[in-house]
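Structure first, then comments.
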Amino acid sequence: MKILNVAGARPNFMKLAPLIRRMQRHPDISSVLVHTGQHYDANMAGQFFRDLELPTPYASLNVGPGSHASQTAEVMKRLEPLLEETRPDLVLVVGDVNSTLAAALTAAKLHIPVAHVEAGLRSRDRTMPEEINRLLTDAIATYLFVTEESGRENLLREGVDAGRIHFVGNVMIDALEDFRPLWEGSGIHRKLGLRRGQYGVVTLHRPSNVDDTRRLRDLIDALRRVACEVPIVFPVHPRTRNRLTELNGSAPAFGLEAESATESATGLVCVEPLGYPDFMALVAGARLVLTDSGGLQEETTALGVPCLTLRDNTERPVTVTDGTNRVIGTCPARIVEEAFDVLQNPRAAPSRPPLWDGKAAERIVTILARLGGANDGH
Ligand code: UD1
């Protein structure tokens, strides 16, 4: 079975790494990786290939930035001839970024079966670009691999045939376990002058939070108030950096980046986007995480670290019911109140959600190989 895997943006890389590792070990599967180039900076893409031991891409489509329509269209235009030339038995896509939908759509139109890993998640908020990508990818994918029970329920409610849905667990957690020795060996705490369990981490990049100047200013003010209690590290996503530059008239000052910071970190400390090992080390040692990311809600749940989600909804409800996540919206007073509550009233971490055991990729690859074998028989 020839599988073509598609990676586009930062959150795709750690989901594909465990899958590709297991595909490479399977005798009946040959796999290649195509990188669309939706994310292209060294610190958003390049270093993830190195750290996560991803194979050199069979092809890089170099689509780069653009509006949603042009980015999606460019991936489709550049991927189509490649799929015609290589004719894989399956195209595998992960997550919910523009490259996910673009690749799924291109393959489906060429009658190439599509597998979607992390299917069925729904925020029910169609102003989120990812929600549109999720709905459309799932509508045309042949095989749907879900991370949590809500994914299966959502798909069934949308009329998807139960036979196409496989509840396999979460490949993001596989990456966390596969690369545990790597991130446990990170020197980021020393580098930033942080003590484990004595700092917070924040990430912000959703258009709804950072593209509106007033919302962004309010969020930063709230974070500064929390940072009076406990230092908060803020790896700044390029989209957010651009907006902060517009807001302040200059790029945010990146603090404590020197190789050997002698002082302890204080306040809100902006740093460049971090690689996977440093970022996971930072999250694992944090007392509190504040975020609008999807994946980070899952990683904090798996690590037992309290997470405050600065959004009005989540497509990952299991992180609330079975995990450490609280969805608290974006009102500054509420953020400060909830953060202080987490700092003052630490709670025991619950056990992990079902099947978040580091074996999701193995399950997916076993199912795909079986399906490939079944198709050969026809
Ligand atoms: C994309 C995904 C989002 C995901 C996020 C993770 C979609 C619709 N959105 O959002 O789901 O959570 O990635 O990061 O697919 N930029 C750089 N260097 C890079 C990458 C981006 O400077 O390597 C800049 C772009 O030029 C652009 C901005 O960052 O100005 C946003 O990039 P884009 O890929 O369009 O969307 P994200 O906000 O990263």
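The values are calculated or read from the model by the stated rules, or taken from the named source; none is laboratory data. Computed from a predicted model, the values in this text were never measured in an experiment. Please note: Cβ atoms are built from the backbone with ideal geometry, for glycine as well, and neighbour counts cover all protein chains shown. SASA here: full protein model, heavy atoms, side chains in, ligands and nucleic acids out. Shrake-Rupley method; radii C 1.70, N 1.55, O 1.52, S 1.80 Å.
ILE112 passes all but one of (1) among the aliphatic types (A, V, I, L, M); (2) within 12 Å of the ligand (Cβ to nearest atom); (3) buried (at least 18 other Cβ atoms within 10 Å of the Cβ); which number fails?
The failed condition is (2).
How many residues are over 23 Å from ALA42 (Cα atoms), in contact with a Ser or Thr (Cβ under 9 Å, 6 or more places away or on another chain) and open to solvent by less than 50 Å² (accessible area, probe 1.4 Å) when one looks only at the range 65-81?
Qualifying residue count for the region: 0.
Does the range 1-56 hold any residues that are under 29 Å from PRO235 (Cβ atoms), away from the ligand (no atom under 16 Å from the Cβ) and polar (S, T, N, Q), and which are they?
ASN5, THR56
Considering each of ASN133, ASN98 in turn, give the residue that is within 19 Å of VAL146 (Cβ to Cβ) and within 10 Å of the ligand (Cβ to nearest atom).
ASN133
Using the structure shown, decide if ARG311 is in contact (Cβ under 8 Å) with a residue 60 or more places away in the chain, assigned to a loop (DSSP other than H, G, I, E, B), buried (at least 16 other Cβ atoms within 10 Å of the Cβ) and not polar (S, T, N, Q).
Spelling it out, ARG311 is indeed in contact (Cβ under 8 Å) with a residue 60 or more places away in the chain, assigned to a loop (DSSP other than H, G, I, E, B), buried (at least 16 other Cβ atoms within 10 Å of the Cβ) and not polar (S, T, N, Q).
Yes/no matrix, rows are residues, columns are (1) open to solvent by less than 20 Å² (accessible area, probe 1.4 Å); (2) assigned to a helix (DSSP H, G or I); (3) free of Cβ contacts under 8 Å to residues at least 24 places away in the same chain:
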{"position": "GLN198", "(1), (2), (3)": "no, no, no"}
{"position": "ARG224", "(1), (2), (3)": "no, yes, no"}
{"position": "ARG239", "(1), (2), (3)": "no, yes, no"}
{"position": "VAL283", "(1), (2), (3)": "yes, yes, no"}
{"position": "LEU296", "(1), (2), (3)": "yes, yes, no"}
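Here are the criteria: (1) closer than 29 Å to LEU274 by Cα; (2) part of a helix (DSSP H, G or I); (3) touching a residue at least 40 places away in the same chain (Cβ under 8 Å); (4) more than 14 Å from the ligand (Cβ to nearest atom). Tell me which single one LEU92 does not satisfy.
(2)
Give the number of residues within the range 1-41 that are in contact with a helix residue (DSSP H, G or I) (Cβ under 9 Å, 6 or more places away or on another chain) and part of a helix (DSSP H, G or I).
Matching residues across the range 1-41 total 15.
Could you please give the count of residues in the range 54-64 that are surrounded by 13 or more Cβ atoms within 10 Å (Cβ to Cβ) and out of contact with any His (no Cβ under 6 Å at 6 or more places or on another chain)?
Qualifying residue count, the range 54-64: 7.
Across the range 62-89, which residue is farthest from the ligand (Cβ to nearest atom) among those that are in contact (Cβ under 8 Å) with a residue 12 or more places away in the chain and among the acidic types (Asp, Glu)?
The extreme case among them is ASP89.
If the requirement is being closer than 21 Å to ARG10 by Cα and either small (Gly, Ala, Ser) or surrounded by 14 or more Cβ atoms within 10 Å (Cβ to Cβ) (or both), which of these qualifies: ARG152, ARG134?
On inspection, the qualifying residue turns out to be ARG134.
Considering only residues that are modelled with pLDDT of 95 or more and away from the ligand (no atom under 16 Å from the Cβ), which ones fall in the range 196-214?
ARG196, GLY197, GLN198, TYR199, GLY200
Among the residues of the range 139-155, which ones are in a helix (DSSP H, G or I) and within 23 Å of GLY323 (Cβ to Cβ)?
The answer is GLU149, SER150, GLY151, ARG152, GLU153, ASN154, LEU155.
Looking at (1) more than 18 Å from the chain's Cα centre (by Cα); (2) surrounded by fewer than 24 Cβ atoms within 10 Å (Cβ to Cβ); (3) within 16 Å of the ligand (Cβ to nearest atom), which is the one condition that is false for ILE165?
The number of the failed condition is (3).
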